[in-house]
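The values are calculated or read from the model by the stated rules, or taken from the named source; none is laboratory data. Remember, it's a predicted structure, so these values are computed and weren't measured experimentally. Counting neighbours? That spans all protein chains shown, and the Cβs are built from the backbone with ideal geometry, glycine included. Ligands, DNA and RNA are excluded from the accessible area calculation, which covers all protein heavy atoms including side chains. Shrake-Rupley method; radii C 1.70, N 1.55, O 1.52, S 1.80 Å.
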Amino acid sequence: MFAKAIVIPPGKNFSNGISTSGLGIPDYTESLVQHASYCEALGRCGLEIIILKADLAFPDSTFVEDTAIVTDSMAIITRPGDQRRRGEEKQIEPVLSAWRKIERIAAPGCVDGGDILQAGSHFFIGQSGRTNREGADQTRSILSSYGFTSTIVPVTHILHLKSGVNYIGDETLILTEELAERKEFHSFRKIPVPSQERYAANCILVNGHLLLPSGFPETREKLLENGYNILEIDVSEFRKMDGGLSCLSLRF
Ligand code: CIR
């Protein structure tokens, strides 16, 4: 069960962040409305929301998940893989240190939290354009010293591991068709998303509610058939900046 979530509403210069989506420029007012609905949904899941202020030096800082890996016993402060985002983690560390022992990723290691997927006591660590081998190895070794096991998964064609696969409880992964073939995930029950709905693979289970991006009817139907209690949220403006639902909060 999660008790809290840290969020950062998008700053005025949100549209200056990194984007490869080709989906156009996000509407700032709409992004604030969507962010507020996202927070409201987390509130409905019983979480206390800790809202930090956007720092205009970091237009991508609303994607707060990339700055830390939070477990029950400790938090690892990451070292973001893209230079333009390096420093976002400095705002998060003092906040998390009130609740968790702090560990850190050190140079030359780089890790984005979006590459770190927890499934019970096991972690999958995406080695991607943002998380290098050194960062993945540091993460493995910290996790192992706290009793967690982990597997490194090569990530290609998508930004982060969690852009394509997420753990939704009961030994179940929701994932893209490509990732469903991967041997690393063979022991899990899988809910594949159709290729035209691949964005919906980034959804999160929060205290018995499944937060799902709106606009993905086939995935929604499949999840309903599987008994999930769905809360749909429109995050279209964040998608324009390559962000998914999971990256808008740090839940713990
Ligand atoms: C970036 O490229 O870093 C941001 N525009 C999007 C980050 C999304 N984060 C995530 O999926 N964990």
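So is residue 48 under 25 Å from residue 207 (Cβ atoms), out of contact with any Asp or Glu (no Cβ under 9 Å at 6 or more places or on another chain) and among the charged types (D, E, K, R) or not? Don't jump to the end; show me each part of the working.
On the way: under 25 Å from residue 207 (Cβ atoms): yes; out of contact with any Asp or Glu (no Cβ under 9 Å at 6 or more places or on another chain): yes; among the charged types (D, E, K, R): yes.
Yes: the conditions hold for residue 48.
Residues are listed down the side, and each one gets a yes or a no for (1) away from the ligand (no atom under 15 Å from the Cβ); (2) within 17 Å of residue 246 (Cα to Cα):
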| residue | (1), (2) |
| --- | --- |
| 17 | no, no |
| 42 | yes, yes |
| 50 | yes, yes |
| 62 | no, yes |
| 66 | no, yes |
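Quick check, is residue 104 surrounded by fewer than 23 Cβ atoms within 10 Å (Cβ to Cβ), without any contact (Cβ under 8 Å) to a residue 12 or more places away in the chain and of a type outside the set (Phe, Trp, Tyr)? Full working, then the answer.
Numbers: surrounded by fewer than 23 Cβ atoms within 10 Å (Cβ to Cβ): yes; without any contact (Cβ under 8 Å) to a residue 12 or more places away in the chain: no; of a type outside the set (Phe, Trp, Tyr): yes.
No, not satisfied.
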Q.
One residue is enough: does region 184-192 have a residue meeting the conditions within 25 Å of residue 68 (Cα to Cα), within 15 Å of the ligand (Cβ to nearest atom) and touching a strand residue (DSSP E or B) at 6+ places or on another chain (Cβ under 8 Å)?
A. no
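For region 107-121, which residues satisfy the criterion of being surrounded by 15 or more Cβ atoms within 10 Å (Cβ to Cβ) and not polar (S, T, N, Q)?
Within region 107-121, the subset surrounded by 15 or more Cβ atoms within 10 Å (Cβ to Cβ) is 109-119.
Within region 107-121, 109, 110, 111, 112, 113, 114, 115, 116, 117, 119 meet the criteria.
Among the residues in region 69-79, are any in contact with a Leu (Cβ under 7 Å, 6 or more places away or on another chain), open to solvent by 10 Å² or more (accessible area, probe 1.4 Å) and on the phi < 0 side of the Ramachandran plot? Explain how you work it out, then say what you get.
Going through region 69-79, the residues in contact with a Leu (Cβ under 7 Å, 6 or more places away or on another chain) turn out to be 70, 75.
Restricting the remaining residues to those that are open to solvent by 10 Å² or more (accessible area, probe 1.4 Å) gives 70.
Filter once more, keeping what is on the phi < 0 side of the Ramachandran plot: 70.
Taking every residue of region 69-79 in turn, at least one turns out to be in contact with a Leu (Cβ under 7 Å, 6 or more places away or on another chain), open to solvent by 10 Å² or more (accessible area, probe 1.4 Å) and on the phi < 0 side of the Ramachandran plot.
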Q) Could you list, in sequence order, the residues of region 120-154 that are basic (Lys, Arg) and under 16 Å from the mean Cα position of the chain (by Cα)? A) 130
(Q) For the structure I just gave you, tell me whether residue 139 is within 16 Å of the ligand (Cβ to nearest atom), more than 22 Å from residue 252 (Cβ to Cβ) and either open to solvent by 40 Å² or more (accessible area, probe 1.4 Å) or of a type in the set (Val, Ile, Thr) (or both). (A) no
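If I ask for residues that are open to solvent by 70 Å² or more (accessible area, probe 1.4 Å) and out of contact with any Gly (no Cβ under 9 Å at 6 or more places or on another chain), which ones from region 31-55 would you list? First the steps, then the outcome.
If we filter region 31-55 for residues that are open to solvent by 70 Å² or more (accessible area, probe 1.4 Å), which is where we start, we get 33, 40, 44, 48, 51, 53.
Once the filter is applied, which keeps residues that are open to solvent by 70 Å² or more (accessible area, probe 1.4 Å) and out of contact with any Gly (no Cβ under 9 Å at 6 or more places or on another chain), region 31-55 yields 33, 40, 44, 48, 51.
Suppose we filter region 138-155 for residues that are more than 11 Å from residue 117 (Cα to Cα) and in contact (Cβ under 8 Å) with a residue 12 or more places away in the chain; how many remain?
We begin by selecting, within region 138-155, every residue more than 11 Å from residue 117 (Cα to Cα); these are 138-149, 154-155.
With the extra rule that they be in contact (Cβ under 8 Å) with a residue 12 or more places away in the chain, the set shrinks to 138-140, 142-143, 146-149, 154-155.
Adding up the residues that qualify gives 11.
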Q: Please work out if residue 208 is at positive phi, surrounded by fewer than 17 Cβ atoms within 10 Å (Cβ to Cβ) and without any contact (Cβ under 8 Å) to a residue 40 or more places away in the chain.
A: no
